[in-house]
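Inspection log for the structure reproduced underneath, given as C-alpha cells.
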Amino acid sequence: EFLSFGGEFRWWFSPRPRPAEGRRVKRDALMGHFLGVYGMGGKFDLQLNRTFCYQGEFFSAGLTYGYALPIGRRLNMEFSVSLGYARIPHRHYIPTDDWQELVRDPHKSGTWNYFGPTRVGVSLVVPLLMRCKKGGGR
C-alpha cells in the first residue's frame, strides 16, 4: 500500500518557431523540453511474506528533465526522469498467526537515505484550459 502526494514546478524551453501548415493547429504551449523541481512524500506498508513487513514514510526532492510531444489534437505524451534525494524512515513488524496484530521489531527499524534516480514517468496529458488557434481566416 502506498499513499503519496507531491508537486512540481516546471520551466519549459522556448519552442522552435515553425510555420503554420494548412489545417494544422498551432499549439506550442506545454510541448518540447522542460526542467522541473519537485517535492513529494507519503506513507507505505509493504508485505511480501511474514519476514518482509515494513511500514514507514518517505520524503523526496529533486530535479526533473522531460520532453512532451503531441499525439493528437488535444492529447500530449510526456517522458520524464527525476534525480534527487529520498529519506525513508521505516519500521519492521511481524504479524501474529491470524494477522490481527502487528508486533513491531525495534532492532530492524531505522532510516534509509538514497540519492539517485527517484522517478521515471510516461504520461498521457490532456491540456484543459489551453486555447487552440486554427490557421487561416481572421
Give me the residue from segment 78-113 that is of a type in the set (Phe, Trp, Tyr) and in contact with a Phe, Trp or Tyr (Cβ under 7 Å, 6 or more places away or on another chain) and, out of that set, nearest to Thr64 (Cα to Cα). Phe79
Do we have Ser80 as in contact (Cβ under 8 Å) with a residue 40 or more places away in the chain, touching a Lys or Arg at 6+ places or on another chain (Cβ under 8 Å) and within 23 Å of Trp11 (Cβ to Cβ) here? yes
Select from segment 105-126 the residues that are out of contact with any Pro (no Cβ under 8 Å at 6 or more places or on another chain), modelled with pLDDT of 90 or more and open to solvent by less than 90 Å² (accessible area, probe 1.4 Å) and list them in ascending order. Gly116, Pro117, Thr118, Arg119, Gly121, Ser123
Output the number of the condition that Ala61 fails; it satisfies all remaining conditions of (1) over 22 Å from Arg10 (Cα atoms); (2) at pLDDT 80 or above. (1)
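The values are calculated or read from the model by the stated rules, or taken from the named source; none is laboratory data. Note that this is a predicted model, so its numbers are computed, not measured. Don't worry about glycine lacking a Cβ; one is built from the backbone with ideal geometry, like all the others, and counts go over all protein chains shown. What goes into the accessible areas is simple: the full protein's heavy atoms, side chains included, and nothing from ligands, DNA or RNA. Shrake-Rupley method; radii C 1.70, N 1.55, O 1.52, S 1.80 Å.
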